[in-house]
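In what follows, a structure is listed as C-alpha coordinates, so that the remarks can point back to it.
The values are calculated or read from the model by the stated rules, or taken from the named source; none is laboratory data. What you see is a predicted model, and the numbers here were worked out from it, not measured in a lab. Backbone-built Cβ (ideal geometry, glycine too); neighbour counts: all protein chains shown. Accessible surface is based on the protein model in full, side chains and every heavy atom, while ligands, DNA and RNA are left aside. Shrake-Rupley method; radii C 1.70, N 1.55, O 1.52, S 1.80 Å.
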Amino acid sequence: MTLQQLRYIVALDEYRHFGRAAEACGLTQSTLSLMIKKLEEELDAQIFDREAHPVAPTETGRRILDQARVVLYNTDQIPGLVRNEKQSLAGGLRIGLISTVAPVLVPGLFRYFCHNHPAIALQTEEMLTESVKGKLHKADIDIGILSAPVGDPQLLEIPLYTERFYAYLSENDPAYARESLRLDHILGRPMWIMRNGLQLHDFSDWDGGGQPPVYEEYFEGGRVGTLIQIVEDNGGLTIVPETHVDLIPGNRRMRLRPITDPAPRRTIVLAIRRDYIHEAMLNAVIRAVKDIIPGPMLENIVRADYIKL
(Lines give C-alpha, C1' and ligand atoms only; values in the text may rest on other atoms or scores of the structure.)
Protein backbone atom coordinates (compact mmCIF):
# COMPACT_ATOMS: atom_id res chain seq x y z
CA MET A 1 0.00 0.00 0.00
CA THR A 2 1.33 3.44 -0.94
CA LEU A 3 0.25 6.99 -0.20
CA GLN A 4 -0.29 7.44 -3.93
CA GLN A 5 -2.77 4.59 -3.99
CA LEU A 6 -4.65 6.21 -1.10
CA ARG A 7 -4.78 9.44 -3.10
CA TYR A 8 -6.21 7.51 -6.07
CA ILE A 9 -9.08 5.98 -4.11
CA VAL A 10 -9.90 9.33 -2.51
CA ALA A 11 -9.94 10.94 -5.96
CA LEU A 12 -12.25 8.25 -7.32
CA ASP A 13 -14.59 8.69 -4.37
CA GLU A 14 -14.63 12.43 -5.02
CA TYR A 15 -15.34 12.25 -8.76
CA ARG A 16 -17.27 8.93 -8.80
CA HIS A 17 -16.01 8.49 -12.36
CA PHE A 18 -12.85 6.69 -13.46
CA GLY A 19 -12.17 9.00 -16.40
CA ARG A 20 -12.44 12.28 -14.45
CA ALA A 21 -10.56 10.86 -11.45
CA ALA A 22 -7.76 9.62 -13.72
CA GLU A 23 -7.50 13.03 -15.38
CA ALA A 24 -7.28 14.74 -11.97
CA CYS A 25 -4.50 12.32 -10.96
CA GLY A 26 -2.59 12.74 -14.22
CA LEU A 27 -3.07 9.09 -15.18
CA THR A 28 -4.80 7.12 -17.88
CA GLN A 29 -8.09 5.56 -16.88
CA SER A 30 -6.67 2.04 -17.23
CA THR A 31 -3.68 2.85 -15.01
CA LEU A 32 -5.91 4.31 -12.30
CA SER A 33 -8.18 1.28 -12.43
CA LEU A 34 -5.20 -1.08 -12.25
CA MET A 35 -3.62 0.72 -9.25
CA ILE A 36 -6.88 0.64 -7.31
CA LYS A 37 -7.39 -3.01 -8.21
CA LYS A 38 -3.93 -3.84 -6.86
CA LEU A 39 -4.74 -2.10 -3.59
CA GLU A 40 -7.99 -4.05 -3.29
CA GLU A 41 -6.11 -7.30 -3.89
CA GLU A 42 -3.49 -6.37 -1.30
CA LEU A 43 -6.17 -5.57 1.29
CA ASP A 44 -8.33 -8.49 0.18
CA ALA A 45 -11.28 -6.14 0.23
CA GLN A 46 -13.45 -4.51 -2.44
CA ILE A 47 -13.30 -0.73 -2.02
CA PHE A 48 -15.59 0.27 -4.92
CA ASP A 49 -18.67 -1.25 -6.47
CA ARG A 50 -17.88 -0.96 -10.15
CA GLU A 51 -21.36 -2.09 -11.11
CA ALA A 52 -22.93 0.97 -9.50
CA HIS A 53 -23.65 4.05 -11.63
CA PRO A 54 -21.96 6.25 -10.74
CA VAL A 55 -19.25 4.12 -9.18
CA ALA A 56 -19.61 4.08 -5.39
CA PRO A 57 -17.65 2.77 -2.40
CA THR A 58 -18.72 -0.41 -0.66
CA GLU A 59 -19.49 -0.40 3.05
CA THR A 60 -15.94 -1.59 3.77
CA GLY A 61 -14.65 0.90 1.20
CA ARG A 62 -16.23 3.81 3.05
CA ARG A 63 -14.34 2.88 6.22
CA ILE A 64 -11.12 2.50 4.25
CA LEU A 65 -11.69 5.87 2.61
CA ASP A 66 -12.31 7.55 5.97
CA GLN A 67 -9.01 6.20 7.26
CA ALA A 68 -7.21 7.08 4.02
CA ARG A 69 -8.31 10.71 4.37
CA VAL A 70 -6.93 10.80 7.93
CA VAL A 71 -3.62 9.33 6.78
CA LEU A 72 -3.33 11.76 3.87
CA TYR A 73 -4.26 14.72 6.05
CA ASN A 74 -1.57 13.85 8.61
CA THR A 75 0.95 13.19 5.84
CA ASP A 76 0.25 16.57 4.28
CA GLN A 77 1.04 18.23 7.63
CA ILE A 78 4.60 16.89 7.64
CA PRO A 79 6.11 19.43 5.17
CA GLY A 80 4.60 22.28 7.16
CA LEU A 81 5.88 20.77 10.39
CA VAL A 82 9.37 20.49 8.92
CA ARG A 83 9.23 24.07 7.63
CA ASN A 84 8.22 25.29 11.07
CA GLU A 85 11.00 23.28 12.71
CA LYS A 86 13.55 24.59 10.22
CA GLN A 87 12.56 28.20 10.79
CA SER A 88 12.02 28.01 14.54
CA LEU A 89 14.22 30.21 16.71
CA ALA A 90 12.96 28.91 20.02
CA GLY A 91 13.74 25.96 22.25
CA GLY A 92 16.93 24.22 23.29
CA LEU A 93 20.23 24.50 21.41
CA ARG A 94 23.16 22.35 22.59
CA ILE A 95 26.62 23.18 21.27
CA GLY A 96 29.82 21.22 21.95
CA LEU A 97 33.12 23.08 21.46
CA ILE A 98 36.74 21.99 21.65
CA SER A 99 38.75 23.50 24.49
CA THR A 100 40.84 25.89 22.42
CA VAL A 101 37.71 27.40 20.87
CA ALA A 102 35.35 27.55 23.86
CA PRO A 103 36.97 30.51 25.70
CA VAL A 104 36.84 32.57 22.52
CA LEU A 105 33.30 31.81 21.37
CA VAL A 106 31.19 30.89 24.41
CA PRO A 107 30.91 34.37 25.99
CA GLY A 108 30.02 35.92 22.64
CA LEU A 109 27.53 33.17 21.81
CA PHE A 110 25.61 33.78 25.02
CA ARG A 111 25.74 37.55 24.47
CA TYR A 112 24.47 37.20 20.90
CA PHE A 113 21.62 34.79 21.69
CA CYS A 114 20.48 36.62 24.81
CA HIS A 115 20.26 39.85 22.83
CA ASN A 116 18.94 38.57 19.48
CA HIS A 117 17.13 35.30 20.21
CA PRO A 118 16.07 35.18 23.86
CA ALA A 119 13.64 32.32 23.17
CA ILE A 120 16.56 29.99 22.45
CA ALA A 121 17.86 28.15 25.52
CA LEU A 122 21.56 27.93 24.71
CA GLN A 123 23.66 25.25 26.39
CA THR A 124 27.39 24.84 25.70
CA GLU A 125 29.86 22.15 26.70
CA GLU A 126 33.63 22.09 26.34
CA MET A 127 35.06 18.74 25.24
CA LEU A 128 37.67 16.92 23.16
CA THR A 129 37.29 16.47 19.40
CA GLU A 130 36.31 12.80 19.60
CA SER A 131 33.74 13.60 22.27
CA VAL A 132 32.20 16.29 20.04
CA LYS A 133 31.85 13.81 17.18
CA GLY A 134 30.57 11.04 19.44
CA LYS A 135 27.91 13.26 21.00
CA LEU A 136 26.82 14.46 17.55
CA HIS A 137 26.35 10.85 16.46
CA LYS A 138 24.19 10.13 19.52
CA ALA A 139 22.32 13.46 19.14
CA ASP A 140 23.44 14.44 22.64
CA ILE A 141 24.39 17.81 21.14
CA ASP A 142 22.93 19.66 18.15
CA ILE A 143 26.02 21.41 16.81
CA GLY A 144 29.75 20.86 17.19
CA ILE A 145 32.46 23.48 16.73
CA LEU A 146 35.90 22.01 16.16
CA SER A 147 38.99 22.11 13.98
CA ALA A 148 39.00 20.83 10.39
CA PRO A 149 39.19 18.33 8.94
CA VAL A 150 36.44 16.56 10.86
CA GLY A 151 37.07 13.40 8.86
CA ASP A 152 33.64 11.87 9.44
CA PRO A 153 31.40 11.14 6.42
CA GLN A 154 28.32 10.99 8.66
CA LEU A 155 28.73 14.65 9.60
CA LEU A 156 28.41 17.83 7.55
CA GLU A 157 30.98 20.52 8.21
CA ILE A 158 30.68 24.23 7.46
CA PRO A 159 33.84 26.37 7.69
CA LEU A 160 33.53 29.30 10.08
CA TYR A 161 36.93 30.99 10.22
CA THR A 162 40.65 30.44 9.71
CA GLU A 163 43.32 31.53 12.18
CA ARG A 164 47.09 31.43 12.32
CA PHE A 165 49.30 30.54 15.27
CA TYR A 166 51.77 32.49 17.33
CA ALA A 167 54.61 31.33 19.53
CA TYR A 168 54.48 32.52 23.12
CA LEU A 169 57.97 32.74 24.66
CA SER A 170 59.42 33.46 28.02
CA GLU A 171 61.37 36.72 27.97
CA ASN A 172 64.37 34.66 29.11
CA ASP A 173 64.18 32.44 26.05
CA PRO A 174 67.14 32.72 23.63
CA ALA A 175 64.71 33.35 20.72
CA TYR A 176 62.94 36.22 22.49
CA ALA A 177 64.96 38.84 20.60
CA ARG A 178 63.68 37.59 17.23
CA GLU A 179 60.75 39.31 15.49
CA SER A 180 59.42 36.00 14.13
CA LEU A 181 60.21 32.31 14.42
CA ARG A 182 60.47 29.68 11.75
CA LEU A 183 58.31 26.61 12.24
CA ASP A 184 61.28 24.26 12.02
CA HIS A 185 63.06 26.26 14.75
CA ILE A 186 60.07 25.94 17.08
CA LEU A 187 59.60 22.23 16.46
CA GLY A 188 63.30 21.60 16.88
CA ARG A 189 63.10 22.23 20.61
CA PRO A 190 60.94 21.24 23.62
CA MET A 191 57.56 22.91 23.92
CA TRP A 192 54.86 23.05 26.61
CA ILE A 193 51.75 21.13 25.49
CA MET A 194 48.57 19.62 26.94
CA ARG A 195 48.55 16.04 25.71
CA ASN A 196 47.49 13.41 28.20
CA GLY A 197 48.29 16.01 30.81
CA LEU A 198 50.64 18.97 30.92
CA GLN A 199 54.16 18.17 29.74
CA LEU A 200 57.26 19.56 28.11
CA HIS A 201 57.28 17.73 24.79
CA ASP A 202 60.25 17.24 22.49
CA PHE A 203 59.40 17.65 18.79
CA SER A 204 63.02 17.36 17.69
CA ASP A 205 62.33 14.10 15.85
CA TRP A 206 60.35 16.06 13.23
CA ASP A 207 62.78 16.57 10.35
CA GLY A 208 60.87 19.40 8.65
CA GLY A 209 59.52 17.14 5.91
CA GLY A 210 55.89 16.21 5.31
CA GLN A 211 53.10 17.66 7.41
CA PRO A 212 54.01 19.34 10.71
CA PRO A 213 52.37 18.05 13.90
CA VAL A 214 48.65 18.79 14.12
CA TYR A 215 47.88 21.51 16.65
CA GLU A 216 44.73 19.91 18.07
CA GLU A 217 46.54 16.64 18.73
CA TYR A 218 48.87 18.36 21.18
CA PHE A 219 46.88 21.24 22.63
CA GLU A 220 43.15 20.50 22.52
CA GLY A 221 42.94 19.10 26.03
CA GLY A 222 43.97 22.22 27.88
CA ARG A 223 43.39 25.91 28.28
CA VAL A 224 45.72 28.27 26.48
CA GLY A 225 45.83 30.48 29.59
CA THR A 226 47.29 27.60 31.61
CA LEU A 227 50.04 27.04 29.04
CA ILE A 228 50.89 30.74 29.05
CA GLN A 229 51.19 30.77 32.83
CA ILE A 230 53.42 27.67 32.68
CA VAL A 231 55.75 29.51 30.28
CA GLU A 232 55.75 32.54 32.59
CA ASP A 233 56.68 30.43 35.59
CA ASN A 234 59.00 27.88 33.99
CA GLY A 235 60.38 29.43 30.80
CA GLY A 236 60.29 27.87 27.34
CA LEU A 237 57.53 28.35 24.79
CA THR A 238 54.07 27.22 23.71
CA ILE A 239 51.74 27.83 20.76
CA VAL A 240 48.75 30.20 20.88
CA PRO A 241 45.87 30.43 18.35
CA GLU A 242 45.27 33.89 16.90
CA THR A 243 41.82 34.20 18.47
CA HIS A 244 43.40 33.95 21.93
CA VAL A 245 45.66 36.97 21.44
CA ASP A 246 43.01 39.38 22.75
CA LEU A 247 42.56 37.17 25.82
CA ILE A 248 46.20 37.63 26.84
CA PRO A 249 46.86 40.56 29.20
CA GLY A 250 48.36 43.51 27.34
CA ASN A 251 51.68 43.42 29.18
CA ARG A 252 52.22 39.82 28.06
CA ARG A 253 51.38 40.20 24.37
CA MET A 254 54.92 41.39 23.72
CA ARG A 255 55.99 37.77 24.23
CA LEU A 256 54.09 36.66 21.11
CA ARG A 257 55.96 36.02 17.87
CA PRO A 258 54.48 35.14 14.47
CA ILE A 259 55.48 31.76 13.05
CA THR A 260 56.74 31.64 9.47
CA ASP A 261 58.02 29.28 6.77
CA PRO A 262 55.34 27.98 6.71
CA ALA A 263 52.85 29.97 8.76
CA PRO A 264 50.68 27.26 10.38
CA ARG A 265 46.92 27.81 10.32
CA ARG A 266 43.76 25.96 11.23
CA THR A 267 40.17 26.25 10.08
CA ILE A 268 37.39 26.07 12.64
CA VAL A 269 34.23 24.43 11.38
CA LEU A 270 30.66 23.90 12.49
CA ALA A 271 29.62 20.22 12.33
CA ILE A 272 26.10 18.79 12.29
CA ARG A 273 24.46 15.44 11.69
CA ARG A 274 23.25 14.92 8.13
CA ASP A 275 19.67 14.65 9.37
CA TYR A 276 19.77 17.96 11.26
CA ILE A 277 16.88 20.15 10.07
CA HIS A 278 16.94 23.25 12.29
CA GLU A 279 18.04 25.60 9.56
CA ALA A 280 17.32 28.86 11.38
CA MET A 281 19.21 27.72 14.49
CA LEU A 282 22.22 26.77 12.37
CA ASN A 283 22.27 30.13 10.66
CA ALA A 284 21.87 31.97 13.95
CA VAL A 285 25.05 30.26 15.21
CA ILE A 286 26.90 31.18 12.02
CA ARG A 287 25.82 34.81 12.34
CA ALA A 288 26.86 34.80 15.99
CA VAL A 289 30.34 33.54 15.09
CA LYS A 290 30.65 36.20 12.39
CA ASP A 291 29.73 38.75 15.02
CA ILE A 292 32.44 37.47 17.39
CA ILE A 293 35.39 36.72 15.08
CA PRO A 294 37.37 39.59 13.47
CA GLY A 295 36.68 40.10 9.77
CA PRO A 296 40.09 39.07 8.31
CA MET A 297 39.72 35.56 9.76
CA LEU A 298 36.40 35.17 7.95
CA GLU A 299 37.88 35.68 4.48
CA ASN A 300 37.33 32.78 2.05
CA ILE A 301 35.03 31.13 4.58
CA VAL A 302 31.26 30.63 4.41
CA ARG A 303 29.80 33.74 2.78
CA ALA A 304 26.20 32.75 2.19
CA ASP A 305 23.70 34.90 4.02
CA TYR A 306 21.66 31.79 4.74
CA ILE A 307 22.64 28.13 4.65
CA LYS A 308 19.92 25.84 3.25
CA LEU A 309 19.53 22.33 4.64
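A prolate overall shape is assigned to region 1-133, the ratio a/c of its alpha-carbon gyration tensor axes (a ≥ b ≥ c) being 1.5 or greater and a/b exceeding b/c. By its C-alpha gyration tensor, with a ≥ b ≥ c as the square roots of the eigenvalues, how is region 216-298 shaped: rounded for a/c under 1.5, else prolate for a/b larger than b/c, else oblate? Prolate.
For region 121-175 versus region 1-43, the inter-centroid distance based on Cα atoms is 54 Å.
Cα gyration tensor of region 232-280, axes a ≥ b ≥ c as square roots of the eigenvalues: rounded (a/c below 1.5), prolate (a/b > b/c) or oblate? It comes out prolate by the Cα gyration axes.
Segment residue 233..residue 87, full-extension length gain: 47.5 nm, with 0.36 nm per residue of separation and the alpha-carbon distance subtracted. Taking every DSSP bridge with both residues inside the chain, close to 70 percent are antiparallel. Packing around the peptides 6-16, 227-237, taken as the average count of other Cβ atoms within 10 Å per residue, puts them in this order, highest first: 6-16, 227-237. The distance separating the Cα centre of region 90-105 from that of region 48-78 comes to 51 Å. Placing unit charges on each Cβ (+1 for Lys and Arg, -1 for Asp and Glu) gives the chain a dipole about its Cα centre, and among 71, 11, 198 the Cα reaching farthest toward its positive end belongs to 11.
For the chain, carbon and sulfur atoms together expose 50% of the accessible surface, with a 1.4 angstrom probe and every protein chain in place. Taking the Kirkwood radius as Rh and the Cα radius of gyration as Rg, the chain has a ratio of Rg/Rh equal to 1.27. The label point for residue 203 and the one for residue 63, both projected 7 Å from the Cα toward the Cβ, are 7.5 nm apart. Straight Cα distances below 21 angstrom link residue 138 to the lysines 86, with same-chain residues fewer than 8 positions distant left out.
Partner aspartates and glutamates whose Cα lies under 18 Å from the Cα of residue 308, excluding those fewer than 8 positions away in the same chain, are identified as 85, 142, 157, 275, 279.
Using a Förster distance of 41 Å, how high is the FRET efficiency between residue 125 and residue 73, based on the Cβ-Cβ distance and rounded to 0.05? Approximately 0.50, to the nearest 0.05.
Relative to the longest principal axis of the Cα atoms of the chain, the long axis of helix 29-43 lies at roughly 80 degrees.
Each of residue 175 and residue 110 was given a label point 7 Å from its Cα along the Cα-to-Cβ line. The distance between the two points is 3.6 nm. Between the helical axis of 59-87 and the longest alpha-carbon principal axis of the chain there is an angle of about 20 degrees.
What region 128-282 shows is 47 Å² of accessible area per residue, with the surface traced by a 1.4 Å probe over protein heavy atoms.
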